[in-house]
Amino acid sequence: MFVPGVVALWAAALALVGSTVAYARALKGDANARSWARQLYGLAVFAVVVASAALLYLILSHDFRYHYVFSYSDRSLPLSYLISTFWAGQEGSFLLWLLAGALIGLPLIPTARHYENRTMIVYNLTLLALAAILLRQSPFRPLEGLPPGQAPFDGQGLNPLLQNPWMTIHPPVMFLGYAATAVPFAFAVAALVERRYDEWVRAALPWALLTVVTLGAAILLGGYWAYVTLGWGGYWGWDPVENSSLVPWLASAALVHGMLLQRSRGRFRKLNFSLAILSFVLVVYATFLTRSGVLADFSVHSFVDLGITGWLVGNLAVFTVLGFTILAWRAREIPTSPGDEPFLSRTVFFVLGIAALLGSAALVLLGTSAPLITRLFTQPAQVGPAFYNRVTLPIGILLAVLLGVVPYLQWRGRSPEFVRRLLLSLALTAVATSAALLLGARGLLFVTFLAASFFALLANLVKTVEALAGGRLRQAGGPLAHAGLGLMLAGIVTSSAFDRTEKLVLPLGESREALGYTFTFKGPEVDPASGRQAMAVDVRSGDGTSYVARPKMFRNEKSNQLVANPDVKVFLTHDLYVSPIEFDPGQPADAGAAVEIGKGETATFGPYTLTFRGFDMGGGHGGGGQITIGAVLEVTTDGASQTVTPTLAATDSGFVSRPVPLPGPGGATLTLSGVNASQGRARLVFSGVGQEAKGGQPMRFSADVSVKPLIGLLWLGLVLLLAGGVLALVRRAGDFAATTPGEPSSA
């Protein structure tokens, strides 16, 4: 085992234990204990950073004596993807989570104020739970079965689907969000113990907003990765691992709105304690679902069981019992007061919005847990995407309507200009919905959803503009986030309900029309950006503009896995999505269609006479480590001569040939299939020469082609939602910083 890394993990765990004990002593009045607790926490953070650096060192130095490094990295990975192998497996991702949580604790200590002692005791427990898992399943475990003093030359490599720029930043953002959920949980438990039922909200609200922003960003990054990488045409498949970030995000969004209610109305204390506990427990439960192996047969992303299931169940039980037992203990003495607000008030609509968020979370959680629930009665089974779409669509419409009305309501009723502003928003919504109908929107349910989304967008957009025009940037966060959510919902409807898809079979050199575009397959080539085999498809629109789509199809040599990535072309009003299905290299026209030829020699096939002039090494070393060689050939047919240069590229994924078309109407092609470097000879293959008579088959490429209207609204809406969340976070953090710090309490 790698001693520095293991020692660092043990040091982190012991320092966290020491910090927790010291904070407990501070509660009993020890004047020096808090200083010791802080120093020990700092030592724990340093040890976690050392452990993380140790793992990264092993990865970057290609030390394949260690199981984790061997399993997820290899020598061919570029630096960015090599770094991302840090969190490619379970052990590394738990270490990343621990690192994010440890770093969060540094600003938490000075901002916890008089809650520090009890808050840090609870927060340290959440970090100790992660450290215990890493001590049980260490990322520094040596590779078994190695002879003494020997190591594999190379590793198994990173899953090619994860070799994507979005996957280099999605996990760090997601685990930052996971770690942040522990802060409101710790504040809530501390406040319950200390019987401080109101002021904790001001301290915890910025952290709850941080959770909403980071988990929201992770959802955005993960969805976009799925859209541009997996090729099934969507961005959200309701997979359990996807849901494991969505459900805590919904609960955290409900918590934020509940906290705003409590600050403004002085009520809903029990609700917020419950939501703060629930948001963190849902993260722990999601971790159990996705990392215990119980969903291995139902999720393409779920991890296999590494023997830590008992630890995950224990963590879930401990934090659930800790949080809700203390809440039940204090429930009777938590102040409550009846409300007297009319229905048309911000208070009531906030409550309805929280109910909608929690209803969505409960239904998604129920569907995600279906394999566990059905296991109790029969064979484990899961629910499909249709279940989630059916149960969340009505809630989505309700939530959009609430978002459209709430900007013009006050906490105790409606604003004086409520009717005028509401009519303005409804008029704008009618115009936008009419335009959508003229552009082809159909279906009562979908048009209703679209109209509700427009209503939410436009009402909150007007409110945002009013805030900005009045110089109230700090107050624009909420309306901007809600406008983003409305825009996002509109993007979901337009891109999912009104997209068009056709399947195309494209013989080499022939054109097919679909969805207003003409597609011509030019043959396989090496993608200049990735160095992997791609299918070159010329795409021409009705106005004459064109581009070359390059959906990738290649076989990963490490795993023998066939990988297919779509090509996505972004236009102003839609995306054109070309998703590869199958590539058929075809068959030569006859047995004599392959030949080896030397420099200056001539060969004849059908109507073609070829003279080999020599090799072209101008391709040199291309992107992705490829070496490209061309064979320069003079082709004569019907008395006319033309020079063609078929190429052969040696890449990390194997040899890739790029055929060239031969002159004439027959669609014949010429491929450089190999090179005899020692004798200076080229091996050539003809396709399409005398096919009808000889029974040959041309090269073919099959793909699903889709037009996804206005899908950009989804991504833009999510960005606006997150931007609004950041503005709200800055505002609430500033509000808390401006308050007079309470005196530190030893009780």
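State the number of residues belonging to the stretch 114-149 that are part of a helix (DSSP H, G or I) and acidic (Asp, Glu). I'd like the intermediate steps shown before the answer.
Taking the stretch 114-149 as the starting set, the residues that turn out to be part of a helix (DSSP H, G or I) are 114-136.
Filter once more, keeping what is acidic (Asp, Glu): 116.
Of the residues in that region, 1 qualify.
Go through (1) touching a residue at least 40 places away in the same chain (Cβ under 8 Å); (2) over 19 Å from ARG731 (Cα atoms); (3) assigned to a helix (DSSP H, G or I) and name the single condition ALA226 misses.
(1)
Name the pairs whose Cβ atoms lie under 6 Å apart, with the first residue in the stretch 321-343 and more than 15 Å from LEU278 (Cβ to Cβ) and modelled with pLDDT under 95, the second assigned to a loop (DSSP other than H, G, I, E, B) and hydroxyl-bearing (Ser, Thr, Tyr), and 6 or more positions between them or separate chains?
ILE334/TYR197
Scan the stretch 435-463 for residues that are polar (S, T, N, Q) and either within 16 Å of LEU422 (Cβ to Cβ) or surrounded by fewer than 23 Cβ atoms within 10 Å (Cβ to Cβ) (or both) and jot them down.
Selection gives THR448, ASN460.
Only one residue in GLY353, GLY396, GLY367, GLY339 is in a loop (DSSP other than H, G, I, E, B) and among the small types (Gly, Ala, Ser). Which one?
Of GLY353, GLY396, GLY367, GLY339, the one residue that is in a loop (DSSP other than H, G, I, E, B) and among the small types (Gly, Ala, Ser) is GLY339.
So if I check each of THR111, THR85, which one is buried (at least 22 other Cβ atoms within 10 Å of the Cβ), in a helix (DSSP H, G or I) and not hydrophobic (A, V, I, L, M, F, W, C)?
THR85
Checking LEU648 against (1) part of a strand (DSSP E or B); (2) at pLDDT below 80; (3) out of contact with any His (no Cβ under 9 Å at 6 or more places or on another chain), only one condition comes out false. Which one?
(2)
Which of the numbered conditions does GLY509 fail, given that it passes all the others? Conditions: (1) of a type in the set (Gly, Ala, Ser); (2) touching a residue at least 60 places away in the same chain (Cβ under 8 Å); (3) assigned by TED's automatic domain parsing to the domain that holds VAL405.
(3)
Going through the stretch 150-176 one residue at a time, which ones are among the aromatic types (Phe, Trp, Tyr) and part of a loop (DSSP other than H, G, I, E, B)?
Within the stretch 150-176, PHE153 is the sole residue that qualifies.
A quick yes/no check of all residues on (1) out of contact with any Leu (no Cβ under 8 Å at 6 or more places or on another chain); (2) outside any loop (DSSP other than H, G, I, E, B); (3) buried (at least 20 other Cβ atoms within 10 Å of the Cβ):
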{"position": "GLN379", "(1), (2), (3)": "yes, no, no"}
{"position": "VAL391", "(1), (2), (3)": "no, yes, no"}
{"position": "ALA400", "(1), (2), (3)": "no, yes, yes"}
{"position": "ARG420", "(1), (2), (3)": "yes, yes, no"}
{"position": "ALA430", "(1), (2), (3)": "yes, yes, no"}
{"position": "THR433", "(1), (2), (3)": "no, yes, no"}
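Looking at ALA112, ALA88, ALA151, ALA102 in this structure, which one is of a type in the set (Gly, Ala, Ser), modelled with pLDDT of 95 or more and at negative phi?
ALA102
GLY92 - would you say it is assigned to a helix (DSSP H, G or I), surrounded by 16 or more Cβ atoms within 10 Å (Cβ to Cβ) and in contact with a Ser or Thr (Cβ under 9 Å, 6 or more places away or on another chain)?
Values: assigned to a helix (DSSP H, G or I): yes; surrounded by 16 or more Cβ atoms within 10 Å (Cβ to Cβ): yes; in contact with a Ser or Thr (Cβ under 9 Å, 6 or more places away or on another chain): yes.
It is true that GLY92 is assigned to a helix (DSSP H, G or I), surrounded by 16 or more Cβ atoms within 10 Å (Cβ to Cβ) and in contact with a Ser or Thr (Cβ under 9 Å, 6 or more places away or on another chain).
Do we find that VAL304 is loosely packed, with under 15 Cβ neighbours inside 10 Å, modelled with pLDDT of 95 or more and either outside any loop (DSSP other than H, G, I, E, B) or of a type in the set (Val, Ile, Thr) (or both) in this structure?
No: the conditions fail for VAL304.
Matching residues to (1) basic (Lys, Arg); (2) at pLDDT below 95; (3) farther than 18 Å from PHE2 by Cβ:
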site: LEU27; (1), (2), (3): no, yes, yes
site: ALA37; (1), (2), (3): no, no, yes
site: TYR41; (1), (2), (3): no, no, yes
site: ALA44; (1), (2), (3): no, no, yes
site: VAL50; (1), (2), (3): no, no, no
site: ALA53; (1), (2), (3): no, no, no
site: TYR66; (1), (2), (3): no, yes, no
site: ASP74; (1), (2), (3): no, yes, yes
site: SER80; (1), (2), (3): no, yes, yes
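Can GLY359 be described as surrounded by fewer than 20 Cβ atoms within 10 Å (Cβ to Cβ), at pLDDT 90 or above and either assigned by TED's automatic domain parsing to the domain that holds LEU445 or not hydrophobic (A, V, I, L, M, F, W, C) (or both)?
In short, yes.
Could you tell me whether any residue of the stretch 409-416 is loosely packed, with under 15 Cβ neighbours inside 10 Å, part of a helix (DSSP H, G or I), at pLDDT below 90 and in the same structural domain as MET488 (by TED's automatic domain parsing)?
no
May I ask you to say which residue of SER35, SER71, SER93, SER84 is more than 26 Å from LEU312 (Cα to Cα) and either in the same structural domain as ARG136 (by TED's automatic domain parsing) or acidic (Asp, Glu) (or both)?
One residue alone meets the criteria, SER35.
Taking the stretch 550-583, which residues are touching a residue at least 40 places away in the same chain (Cβ under 8 Å) and among the acidic types (Asp, Glu)?
Within the stretch 550-583, GLU557, ASP575, GLU582 qualify.
Taking LEU376, is it touching a residue at least 12 places away in the same chain (Cβ under 8 Å) and not acidic (Asp, Glu)?
No; evaluated as a whole, the condition is false for this residue.
For a quick check of your reading of the model, give me the residue pairs whose first member lies in the stretch 462-486 and is in contact (Cβ under 8 Å) with a residue 60 or more places away in the chain and under 23 Å from PHE449 (Cβ atoms), whose second is among the basic types (Lys, Arg) and surrounded by 14 or more Cβ atoms within 10 Å (Cβ to Cβ), with beta-carbon atoms closer than 6 Å and at least 6 apart or on different chains.
Listed pairs, sorted by first residue: PRO479/LYS463.
Given the criteria of a type in the set (Ser, Thr, Tyr), surrounded by 21 or more Cβ atoms within 10 Å (Cβ to Cβ) and under 27 Å from ASP575 (Cβ atoms), does TYR224 qualify?
no
The values are calculated or read from the model by the stated rules, or taken from the named source; none is laboratory data. What you are looking at is a predicted structure, and each value in this text was computed from that prediction instead of being measured. Neighbour counts run over all protein chains shown; Cβ positions are idealised from the backbone, glycine included.
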